[in-house]
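Trainee: I have a structure here, written as structure tokens, and I will follow up with some questions on it.
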Amino acid sequence: MSEPVKQRTLAAELAAEFAGTFILILFGVGVVAQVVAGGLGDHDSIAWAWGLGVTLGVYTAARISGAHINPAVTLALAVFRDFPWRKVAPYALAQTLGAMAAAALVRWNYTEVIAAIDPDHTIATQGIFSTLPGNGALPVGTWGAFRDQIIGTAILLFLVLAVTDLRNTAPGVNLGPFVIGLIVVAIGMAWGTNAGYAINPARDFGPRLVSYLTGYGGAWRDQNGDFYWWVPIVGPLIGAVVGALLYELLVGRRLPVEDEPEAGRTPIEPDSAPTGDGRAPLPRTTVEQDRPTSEARGRPRAADTP
């Protein structure tokens, strides 16, 4: 006798978003602490750890919530993929709380090392927890960083939609999280100078708040003394919508709707029927593309990322 299918609840989805974002920040902020405070590693190790954090976070939450683990992703999916608007704020809150919990754990674990190199909790180690223009050292101002966050998050959403669109060359269900992680690695290696590639409001605001609550009185300002905390929030939200819009205009609406997928192509599930404008909506998550169960064939939704 088969077990009854568990009904997915909003509470379960929020718990999954909390857990997925917790994993992301655990490795992301953790690697920055190791490089900055511990003197081990470099920018490449930071880029790879953030990317792997995204991959592991998506694997953690995908089956239950879709593993957005990023309020900017949630917003873009609400605008372009019919994600319920009533869930946007709860998802963002769960993501932010997950980021805070992970940052608090990193802060606690690296207490002695941080105190040894920066006992006054200055801008020198503030970058462990939150981003700064020019990574706290280069001549980049608030608006240059704001521009950077819009562009970086637009790239993220454009590529996430590209690799999760079943009408395109979407990877298989088990490979999807890894490819999404590689996108974040690439952004970190190519777009990390101007603003530290936050590209995720929860990733920056949650750890920034934790740092403020644990001794970093200047957490809301940058190295120039300007209020900077809003840049990694507003910039990614705008960039996510821009990137998703560009994908729809340049690629999404031009993809054919196939009755019989070509050999080697991931088929569109039967319930993911084309919409009235000829576009097939994404399935429930970005990495649940070919689940055989009846549960997988519910309402079309999309998911993820960083």
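Trainee: Tell me, please, whether a residue that is closer than 21 Å to VAL185 by Cβ, among the aliphatic types (A, V, I, L, M) and under 20 Å from the mean Cα position of the chain (by Cα) can be found in segment 3-24. It would help to see each step written out before you state the result.
Mentor: As a first pass, look at segment 3-24 and keep what is closer than 21 Å to VAL185 by Cβ: 20-24.
Add one more test, that the residue is among the aliphatic types (A, V, I, L, M), and what stays is 23-24.
Now drop any that are not under 20 Å from the mean Cα position of the chain (by Cα), which leaves 23-24.
Yes: one or more hits.
Trainee: Give me a count of the residues in segment 20-76 that are closer than 23 Å to ALA92 by Cβ and in contact (Cβ under 8 Å) with a residue 24 or more places away in the chain.
Mentor: 37
Trainee: Determine whether segment 141-149 contains at least one residue that is surrounded by 18 or more Cβ atoms within 10 Å (Cβ to Cβ), among the hydrophobic types (A, V, I, L, M, F, W, C) and farther than 26 Å from ALA11 by Cα.
Mentor: Within segment 141-149, one or more residues are surrounded by 18 or more Cβ atoms within 10 Å (Cβ to Cβ), among the hydrophobic types (A, V, I, L, M, F, W, C) and farther than 26 Å from ALA11 by Cα.
Trainee: I'd like to check which helices (runs of 4 or more DSSP H) are fully inside segment 52-149 and have at least 2 residues that are under 24 Å from LEU246 (Cβ atoms) and not charged (D, E, K, R).
Mentor: On the way: elements: 71-80, 88-109, 111-117, 123-126.
The helices (runs of 4 or more DSSP H) meeting that bar are 71-80, 88-109.
Trainee: Kindly indicate which of TRP220, TRP230 is modelled with pLDDT of 95 or more, in contact with a strand residue (DSSP E or B) (Cβ under 8 Å, 6 or more places away or on another chain) and at negative phi.
Mentor: Details: TRP230 fails: in contact with a strand residue (DSSP E or B) (Cβ under 8 Å, 6 or more places away or on another chain).
Result of the check over TRP220, TRP230: TRP220.
So that you can scan it fast, the table gives a plain yes or no per residue for (1) surrounded by fewer than 24 Cβ atoms within 10 Å (Cβ to Cβ); (2) closer than 26 Å to THR125 by Cα; (3) touching a Ser or Thr at 6+ places or on another chain (Cβ under 7 Å):
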{"position": "HIS43", "(1), (2), (3)": "yes, yes, no"}
{"position": "GLY51", "(1), (2), (3)": "no, yes, no"}
{"position": "ASN70", "(1), (2), (3)": "no, yes, yes"}
{"position": "VAL73", "(1), (2), (3)": "no, no, yes"}
{"position": "ALA76", "(1), (2), (3)": "no, no, no"}
{"position": "PHE80", "(1), (2), (3)": "yes, no, no"}
{"position": "LEU105", "(1), (2), (3)": "yes, yes, no"}
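Trainee: Same structure again: Surrounded by fewer than 24 Cβ atoms within 10 Å (Cβ to Cβ), under 26 Å from SER45 (Cα atoms), in contact (Cβ under 8 Å) with a residue 40 or more places away in the chain and not acidic (Asp, Glu): does that describe THR169?
Mentor: Spelling it out, it is not the case that THR169 is surrounded by fewer than 24 Cβ atoms within 10 Å (Cβ to Cβ), under 26 Å from SER45 (Cα atoms), in contact (Cβ under 8 Å) with a residue 40 or more places away in the chain and not acidic (Asp, Glu).
Trainee: Right, here's the next one. Need the failing condition index for THR122 against (1) under 27 Å from GLN223 (Cα atoms); (2) surrounded by fewer than 19 Cβ atoms within 10 Å (Cβ to Cβ); (3) without any contact (Cβ under 8 Å) to a residue 60 or more places away in the chain, just the number.
Mentor: Only one criterion in (1) under 27 Å from GLN223 (Cα atoms); (2) surrounded by fewer than 19 Cβ atoms within 10 Å (Cβ to Cβ); (3) without any contact (Cβ under 8 Å) to a residue 60 or more places away in the chain is unmet by THR122, namely (3).
Trainee: Follow-up question, since we're still on this one. As an exercise: evaluate ALA11 against (1) touching a Phe, Trp or Tyr at 6+ places or on another chain (Cβ under 8 Å); (2) surrounded by fewer than 23 Cβ atoms within 10 Å (Cβ to Cβ); (3) more than 14 Å from PHE129 (Cβ to Cβ) and give the number of the one condition it does not meet.
Mentor: Failed condition: (1).
Trainee: When you scan segment 200-238, how many residues do you find that are surrounded by fewer than 17 Cβ atoms within 10 Å (Cβ to Cβ) and of a type in the set (S, T, N, Q)?
Mentor: The total comes to 2.
Trainee: Select, from ALA186, ALA162, ALA190, ALA195, the only residue that is among the small types (Gly, Ala, Ser) and crowded, with 24+ Cβ neighbours inside 10 Å.
Mentor: Just a single option satisfies the conditions, and that option is ALA195.
Trainee: Condition check: out of contact with any Asp or Glu (no Cβ under 6 Å at 6 or more places or on another chain), in a helix (DSSP H, G or I) and surrounded by fewer than 20 Cβ atoms within 10 Å (Cβ to Cβ). Does PHE178 satisfy that?
Mentor: Numbers: out of contact with any Asp or Glu (no Cβ under 6 Å at 6 or more places or on another chain): yes; in a helix (DSSP H, G or I): yes; surrounded by fewer than 20 Cβ atoms within 10 Å (Cβ to Cβ): yes.
Criteria met by PHE178.
Trainee: Hey, another quick one. Taking the options ALA154, ALA244, ALA240, ALA202, name whichever one is more than 25 Å from ILE46 (Cβ to Cβ), within 15 Å of the chain's Cα centre (by Cα), in contact (Cβ under 8 Å) with a residue 40 or more places away in the chain and assigned to a helix (DSSP H, G or I).
Mentor: From the options ALA154, ALA244, ALA240, ALA202, the qualifying one is ALA244.
The values are calculated or read from the model by the stated rules, or taken from the named source; none is laboratory data. Note that the structure is a prediction, hence the values are computed from the model and not measured. Cβ sites come from the backbone with ideal geometry, for glycine too, and all protein chains shown count toward neighbours.
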